[in-house]
Amino acid sequence: MTSPVEDVEIVAARPPRRGVSLRDAGPLIALVVVTLIFSVLSSEFRTLGNFQNIMDSAAVLTVVTCGITFVLLTGSIDLSAPGVMGAAAIAVSLLVANNRNDNNLGLIGVLIAIALAAALGCLSGLALVMLKVPSFMTTLGVSAVGLGIATLLFAGVQPNISDEMLASLAVDRFLGFSYLTWLAAVCVVAGYLIQRYSRLGRYAFAIGGAEEVLSLSGVKVAPYKVAVFTLASAFYGLAGVMVTSQLSAGLVQAGKGYDFAAITAAVVGGTLLTGGRGGILHSAVGVLLVTVLTNGMVQVGVSPYWQGGVQGLIVVVAVAAAVAPQRRRNQVTK
Amino acid sequence: MMIVKSSSAIALLSLSLAAVALTGCSSESNADAKSGSSTCDKSDIKLVGQVRNESNPYEAAWLNGGDAFAKSVGLEQQRLTYDGDSTKQQEQISQLLAGDTDCLVMNILPNGDSDTPPIVEQAQEAGAYLVTQWNKPADLNVTDYSQWLSHITYDGKTSGKEIGDALATAIGGSGGIIALQGILDTGAAKDRFAGLEESLKANTGVELLDQQTANFSRAEALDVTKTLLAKHGDKIKGIWAANDDMALGALEALKAAGKEGKVAVVGIDAVPDALTAIQNGSMTATVSSDGPWQGGIGLAIGYCAATGDLDVADIKDRAWFAEQFLIQKDNVADFIDPKVDDADFACDNLFSRSQGPIS
């Protein structure tokens, strides 16, 4: 008597589930395929040393992408990473032991730099919800503000850091990976926990999926949007600190190019620009895919004159493959 | 009516021409100077230096050199920066030239080759004195314009070869090296790499294992070098970088790999950090274009032309290569604290660093 009912339920439940798993697995499959291809083509690619190298070079982009993913989930876009990272990089290099002043705040200096970054993100969020300026413009403006702050602090003399703790993060290794790589891994886990279990994370999905429904059901959306931009910028700030650690110097251009690199990585990983789909783990896979591509082309020996074009082409193909299962949804958006 | 008006205009014109001719006769030295424009009083001259941004040590030093020259003649330099934004640069120039331009002297770093022609056209029309540096389309001739006094640049082939040779010497004449190229579609990157190729022809024991672009960026150079270290390992004895920023990025990669001091690194530009690295032995060589001198010389040429001490017709090469300096451990101390020498800016000594016309 009960079995027909069960059958019906199973039939009804299966198709959407299968769609979900295919969408989620697409970028991961692409990552595995690309890695296998490069491993076959190049003996240098498939070494342990190069694997460590790939993970290390993915670290900064991973952290930036963790931040940008939250913004993309809400359906907004964030171009403020270069400015926020630059401001954080210069700030941290002037607050820890350095060659420009007598500051030696250590970890507190790092936290102040991240707080400065978060404040810039808060500014983006406030401009978005209070002045109703599209996120594209507000974040571009905030990026310029960040670069402006960085340039003022820079004052023509490169700040080099001598802080032992910060400098060693990029050099010292634990279980084969640099501390920065572990830090990036912690960010992914933390980002995933926020996305999965906090109200902020779940509302981010809901805002991107159907903002009107959310506000009609009585949720005040604005504070969450501001919080999302603030959180994202805190990640950029940390990324700026990581670049400073890698280069042992505070650079105004520390975040140059990371805005679009992170958006590319997130989208390649299956986080949609339209919001509501994807997430931290998708984006992390996207970062690895992009990093493996960059690394693999050097290892295989693709001419530098060809690399940019080839990489762009592969990214387009990867994105097309990743979004293929949900083509209908994409047709609606331009 | 029309005829009357135009004939009176002609009368006015001929009167003023006569006046110009008369004043021309009274001042002997400038009798054959530019027709119609009188020379400027020192105090009327306005000096402007324009670079991309002050957030890079080289361009900040450039503007400081301009200040030093301005101070030496009792004037002040207006410092302009355009954040590497071509549109912003053109806007600043237009604003500048909308004001009083008779005694305006501009020492400009155009953002790219294609930004130079509009700047030159505008300056020519406004009658301002213009010197440009680094970027200019090859087919744009300085001599076609009376107000464009000079275009100064550096032979990237020479600098690329010089550091290539220094690198070859540092690794004992044999072994593998890698090259970090600049932005591939820029003249500077192409010329410098051509210089390296020339050096490789002369140093047959040196093998170029790999060449990649790191777009003149310190952060990109770090990643690329790490990847190349993973690829070639201990075969890499030296790293040739098309600028110091990339050389410094490569140094960080070596540090992370525990190879600091074991691999020779060379760059170009002589940024302060590179000089420190040469001093403490982690870097081998760099090449200086002398930023402070560049900031001063452009203003000095314009200043001397404006005061009438320099006749444009007397300039032998209007587009010229300036002298650059190879810096290694033995002479790095001279460049740590760059200073301008006022003697370089004397009106009869402006072209002492010329290495000949741009070929």
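Which one is nearest to B:Gly308 (Cα to Cα), of the residues in segment B:131-158 that are surrounded by fewer than 21 Cβ atoms within 10 Å (Cβ to Cβ) and polar (S, T, N, Q)?
Out of the qualifying residues, it is B:Ser146.
Which one of these is among the hydrophobic types (A, V, I, L, M, F, W, C) and in contact (Cβ under 8 Å) with a residue 40 or more places away in the chain: A:Val110, A:Val133, A:Val171?
A:Val110
Taking segment A:102-121 on its own, how many of its residues are among the polar types (S, T, N, Q) and either touching an Asp or Glu at 6+ places or on another chain (Cβ under 9 Å) or not in a loop (DSSP other than H, G, I, E, B) (or both)?
1
A:Tyr236 versus (1) assigned to a helix (DSSP H, G or I); (2) touching a His at 6+ places or on another chain (Cβ under 8 Å): which is the lone unmet condition?
(2)
Being touching a residue at least 24 places away in the same chain (Cβ under 8 Å) and farther than 14 Å from B:Leu47 by Cα is the filter here; which residues of segment B:93-108 pass it?
Within segment B:93-108, B:Ser94 is the sole residue that qualifies.
For every residue, the table says whether it meets (1) part of a helix (DSSP H, G or I); (2) within 22 Å of A:Val60 (Cβ to Cβ).
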| site | (1), (2) |
| --- | --- |
| B:Glu220 | yes, yes |
| B:Asp223 | yes, yes |
| B:His232 | yes, no |
| B:Gly261 | no, no |
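Would you be able to tell me the number of residues in segment A:268-284 that are under 11 Å from the mean Cα position of the chain (by Cα) and either within 14 Å of chain B (Cβ to nearest Cβ) or surrounded by fewer than 24 Cβ atoms within 10 Å (Cβ to Cβ) (or both)?
So the count comes out to 2.
Can you work out which of the residues in segment B:277-289 that are under 11 Å from B:Asp244 (Cβ atoms) and of a type in the set (Val, Ile, Thr) is surrounded by the fewest Cβ atoms within 10 Å (Cβ to Cβ)?
Result: B:Val287.
From the list A:Leu247, A:Leu216, which one is touching an Asp or Glu at 6+ places or on another chain (Cβ under 8 Å) and without any contact (Cβ under 8 Å) to a residue 60 or more places away in the chain?
Exactly one residue qualifies, and that residue is A:Leu247.
Collect the residues in segment A:37-77 that are hydroxyl-bearing (Ser, Thr, Tyr) and closer than 19 Å to A:Leu289 by Cβ, keeping them in residue-number order.
Residues satisfying the conditions are A:Ser39, A:Ser42, A:Ser57, A:Thr62, A:Thr65, A:Thr69.
Of all residues being of a type in the set (Ser, Thr, Tyr) and open to solvent by less than 60 Å² (accessible area, probe 1.4 Å) in segment B:43-71, which is modelled with the highest pLDDT? Just the residue, please.
B:Tyr58
Taking the condition open to solvent by less than 20 Å² (accessible area, probe 1.4 Å), out of contact with any Cys (no Cβ under 8 Å at 6 or more places or on another chain) and among the β-branched types (Val, Ile, Thr), does B:Thr213 pass?
No: the conditions fail for B:Thr213.
Check off (1) away from every other protein chain (no Cβ under 11 Å); (2) within 30 Å of B:Asn56 (Cα to Cα); (3) open to solvent by less than 40 Å² (accessible area, probe 1.4 Å); (4) in contact with a Gly (Cβ under 8 Å, 6 or more places away or on another chain) for A:Thr264 and give me the number that stays unchecked.
Looking at each condition in turn, A:Thr264 falls short on (3).
So which strands (runs of 3 or more DSSP E) are wholly in segment B:95-191 and hold at least 3 residues that are within 28 Å of B:Thr39 (Cα to Cα)?
Result: B:104-108, B:129-133, B:148-153.
Restricting the first residue to segment B:253-277 and requiring it to be over 14 Å from B:Gly233 (Cα atoms) and facing chain A (nearest Cβ under 9 Å), which pairs with a second residue that is open to solvent by 10 Å² or more (accessible area, probe 1.4 Å) and of a type in the set (Lys, Arg) meet a Cβ separation below 8 Å and a spacing of at least six or different chains?
none
Say we look at segment B:79-92 and pick out the residues that are among the charged types (D, E, K, R) and in contact (Cβ under 8 Å) with a residue 24 or more places away in the chain; which of these is nearest to the other protein chains (Cβ to nearest Cβ)?
B:Asp83
If you check every pair at least six apart or on different chains, which have Cβ atoms under 6 Å apart with a residue in segment B:208-230 that is at the interface with chain A (Cβ under 7 Å from one of its Cβ atoms) first and a residue that is at pLDDT 95 or above and open to solvent by 30 Å² or more (accessible area, probe 1.4 Å) second?
none
Suppose we filter segment A:122-172 for residues that are within 14 Å of chain B (Cβ to nearest Cβ), outside any helix (DSSP H, G or I) and open to solvent by 50 Å² or more (accessible area, probe 1.4 Å); how many remain?
Final tally of qualifying residues: 4.
Residue by residue, here is whether (1) within 11 Å of chain B (Cβ to nearest Cβ); (2) under 18 Å from A:Ala144 (Cα atoms); (3) at pLDDT below 95; (4) crowded, with 24+ Cβ neighbours inside 10 Å holds:
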site: A:Tyr192; (1), (2), (3), (4): no, no, no, no
site: A:Val221; (1), (2), (3), (4): no, no, yes, no
site: A:Ser233; (1), (2), (3), (4): no, yes, no, yes
site: A:Gln253; (1), (2), (3), (4): yes, yes, yes, no
site: A:Lys256; (1), (2), (3), (4): yes, yes, yes, no
site: A:Phe260; (1), (2), (3), (4): no, yes, yes, no
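The values are calculated or read from the model by the stated rules, or taken from the named source; none is laboratory data. The shown structure was predicted, so the numbers you read here are calculated from the model rather than taken from an experiment. A quick note on method: Cβ atoms are made from the backbone with ideal geometry, for glycine too, and the neighbour counts reach across all protein chains shown. Side chains are part of the model used for accessible areas, which takes the heavy atoms of the whole protein and leaves out ligands, DNA and RNA. Shrake-Rupley method; radii C 1.70, N 1.55, O 1.52, S 1.80 Å.
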